[in-house]
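The values are calculated or read from the model by the stated rules, or taken from the named source; none is laboratory data. Computed from a prediction, not measured in an experiment: that's the story for all the values here. Reconstructed Cβ throughout: ideal geometry from the backbone, glycine too, with neighbour counts over all protein chains shown.
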């Protein structure tokens, strides 16, 4: 009986390992065997950043950031204006990752409509780092906005995203 239980546990572990490697090849950094293919990434375009954070955490310089702005009407209005000027062409007007430029990007832009339901991805440090550094740390096409937007502008966009666009 004990041998059967151990065999079942080992088989489950092997199956889970094989399934996770197939479902998310991006988990193994440096394995670029999926390069040039349009496959699993179409349904999960933001998984690179998620897995980066799961394996390494938000980079040290961003980990303790908290939004210093209140979600006042003027901040939300600024956030909307900045989003429309800088983000909507890729992420779409409603944040679904379907903007006019999205078609040529790899991976396609993240669907931002789900941020409110993902506590790890909706925290201030994660969002600020994502916008400020863009895709540099995870090798995506997202531009970095740390030099073109002020801190307050980035924080305004974060409030706007949290309000559900």
Within the range 146-160, does at least one residue satisfy the condition of being in the same structural domain as residue 65 (by TED's automatic domain parsing), crowded, with 19+ Cβ neighbours inside 10 Å and in a loop (DSSP other than H, G, I, E, B)?
no
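Yes/no per residue for (1) modelled with pLDDT under 80; (2) out of contact with any helix residue (DSSP H, G or I) (no Cβ under 6 Å at 6 or more places or on another chain); (3) crowded, with 17+ Cβ neighbours inside 10 Å; (4) not in a helix (DSSP H, G or I):
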{"position": "8", "(1), (2), (3), (4)": "yes, yes, no, no"}
{"position": "19", "(1), (2), (3), (4)": "yes, yes, no, no"}
{"position": "37", "(1), (2), (3), (4)": "yes, yes, no, yes"}
{"position": "48", "(1), (2), (3), (4)": "no, no, yes, no"}
{"position": "65", "(1), (2), (3), (4)": "no, no, yes, yes"}
{"position": "70", "(1), (2), (3), (4)": "no, yes, no, yes"}
{"position": "77", "(1), (2), (3), (4)": "no, yes, no, no"}
{"position": "80", "(1), (2), (3), (4)": "no, no, yes, no"}
Looking only at residues in the range 130-141 that are modelled with pLDDT of 95 or more and surrounded by fewer than 22 Cβ atoms within 10 Å (Cβ to Cβ), which one is nearest to residue 70 (Cα to Cα)?
132
Cβ contacts < 6 Å: first residue without any contact (Cβ under 8 Å) to a residue 12 or more places away in the chain, restricted to the range 80-91; second residue not in a helix (DSSP H, G or I), any location; separation 6+ or different chain. Result?
88/99
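I'd like the residue in the range 95-107 that is in contact with a helix residue (DSSP H, G or I) (Cβ under 7 Å, 6 or more places away or on another chain) and not in a helix (DSSP H, G or I) and, out of all such residues, is surrounded by the fewest Cβ atoms within 10 Å (Cβ to Cβ).
Start the filter on the range 95-107 by keeping residues that are in contact with a helix residue (DSSP H, G or I) (Cβ under 7 Å, 6 or more places away or on another chain), which leaves 95-97, 99-102, 105, 107.
Of the ones still in play, those that are also not in a helix (DSSP H, G or I) are 95-97, 99-101, 105, 107.
Numbers: 95: 22, 96: 16, 97: 19, 99: 19, 100: 11, 101: 14, 105: 16, 107: 24.
Here the answer is 100.
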Residue in the range 109-120 that is in contact with a helix residue (DSSP H, G or I) (Cβ under 6 Å, 6 or more places away or on another chain) and assigned to a loop (DSSP other than H, G, I, E, B) present:
yes
